[in-house]
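Worksheet: one structure, shown below.
The values are calculated or read from the model by the stated rules, or taken from the named source; none is laboratory data. All values derive from a computational prediction rather than experimental measurement. When we count neighbours, we look across all protein chains shown, and the Cβ atoms used for this are built from the backbone with ideal geometry, even at glycine.
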Amino acid sequence: MNIPTEPIGSIPRPPELIAAVRAGVPDGELAPLVDDAVRSTVAAFERCGAPVISDGEQGKFENFWSYPVHGAACTVSDGLRIPLDNGGAEGAHHRMPRLTRGPFRYQRYADEFVRAARLHATVPLKQAIISPSALSLLYPPEGIDGYSREQFLDDLVREHETEIRRCLEAGADKVQVDFAEGPLAMRLDPSGALLASFVHLNNLALGRFSAAERALIGLHVSPLGVSAATDGAAPAQVDYADLLPSLFEIRAGSFYIAMAGQPDPERVLRIARDYARPDQRIFVGVTDPSNPQVETARQVCDRVLLAASYLAPQRLGSTDDAGFAPFFDDDRVSRATAFAKVGARVEGTRMAARLLEGVA
C-alpha cells in the first residue's frame, strides 16, 4: 500500500542568503546564492528519501502572501498589518502592500520557482502559491477611483488561474494553494461571513479548472501564522477545527491539515471524516514545525495509523503541519532540524503503509 507524503513548502534559508538579502545585495547578485540554496534544499529533500519535494521557497524574499506583486509600481507598503502569532517576538508583524490603481497584474508567477528547482530535482516537485483570497486584501477598504473591487477581483481570479496553469505547464506535480488567511478571517469576523466570502472567491478560481486539473491542486491552512490584532493587543484565539468544515467546501482535490500540534487530533480527524467529500485526499500533519523536538518515525507512524482509523487509507496522505519558515528570515527552526523532521515523516509514513498493508 502506498500512502503519499508531501511537504508543505518552506524550509529555512541558508544564513548567507538571509544575510545578503538583509544587506540589500541587488537581485542580480543574489541569483547565485539563491541557486545554491535551491540546489542544496532539493538535494537534502532527496537524501531524506522524500518522494515529492519542494524548492523550500528559497527565492521568496518578502511577505509570502504578496510575492506576486513585490516591487509593483501600483502598490505602496502601508497595507494591512499582519501581526504574527507563531511564537515570534512580541510585536512582530508583516505588512501587506496596498493597491493604489488598476489594473491588477502579477509581477512574477511561481512557475519560475518550479523551473529553477527542476534543474536539480530527480523526483516529483510541488509548488506552493498564495490564494486569491489572501491577495484580495491588497484592495483598500475605501476603494480605488476608476477601478472597482469587482474589476479587481476579476483580474485577480484570472491571474491566479494563470499562475496555476503556468506551474503545471512548467512541470509541477502538484500546486498547493496556501489559505493562510483562514484563521485571520475568523478573527476579523467571528460571524464567519468573511471566511465564507474567501471560500467563494477561491471556488470562483477553481471553477475555471476541470475535475482532472483540480485533482492536481491542493489547499493548505495552518492554525499558526497570523493574528488579527492591529493595536498591539493579544489576538483572540480561533479554534482551528472550526475552520475545517468551511475549508472542505473549497473545490480542491487535496487538503493539507495540521494535526501533529493539535491538542485534540481525533477531533480534527472526525471533522475531516464528516465533512471531506469522497473525491478529496486528506494529507494529515504528522510533524509539528513549531516544536523543535524532532519526531521519531514511530511517532509519525502512530499518527498515520490514527488517521487511518478515521479516513480510508486510499484517501490518506501525510505532510507537515505547516511550512518550516513561512517568512524569509524565519530562523526559529534550523535547516538541520527541518530535514530531520522530513526524514521522520518519510520513514514513519512508509512504516505505517507496511502495517496497513498487512491488515488490509
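General remarks:
- Among the residues of the stretch 273-299, those identified as in a helix (DSSP H, G or I) and surrounded by 13 or more Cβ atoms within 10 Å (Cβ to Cβ) are ARG273, TYR275, ALA297, ARG298, GLN299.
- Residue in the stretch 150-160 that is aliphatic (A, V, I, L, M), in a helix (DSSP H, G or I) and crowded, with 23+ Cβ neighbours inside 10 Å present: yes
- SER210 falls short on exactly one of the conditions (1) crowded, with 18+ Cβ neighbours inside 10 Å; (2) farther than 27 Å from ASP321 by Cβ; (3) among the small types (Gly, Ala, Ser), and that condition is (1).
- Among the residues making up the stretch 270-299, those that are more than 18 Å from the chain's Cα centre (by Cα) and under 13 Å from SER318 (Cα atoms) are ALA297, GLN299.
Residue-wise test of (1) surrounded by fewer than 19 Cβ atoms within 10 Å (Cβ to Cβ); (2) without any contact (Cβ under 8 Å) to a residue 12 or more places away in the chain; (3) touching a helix residue (DSSP H, G or I) at 6+ places or on another chain (Cβ under 8 Å).
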| position | (1), (2), (3) |
| --- | --- |
| ASN2 | yes, no, yes |
| PRO7 | no, no, yes |
| ARG22 | yes, no, no |
| PHE45 | no, no, yes |
| SER54 | no, no, yes |
| TYR67 | no, no, no |
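- Selection from the stretch 1-36 of residues that are touching a strand residue (DSSP E or B) at 6+ places or on another chain (Cβ under 7 Å) and at pLDDT below 95: GLY9
- The residues on offer are ALA308, ALA322, and the sole one that is surrounded by 20 or more Cβ atoms within 10 Å (Cβ to Cβ) and more than 30 Å from ILE130 (Cβ to Cβ) is ALA308.
- Yes/no for GLU112 being loosely packed, with under 15 Cβ neighbours inside 10 Å, closer than 30 Å to ALA340 by Cβ and modelled with pLDDT of 95 or more: yes
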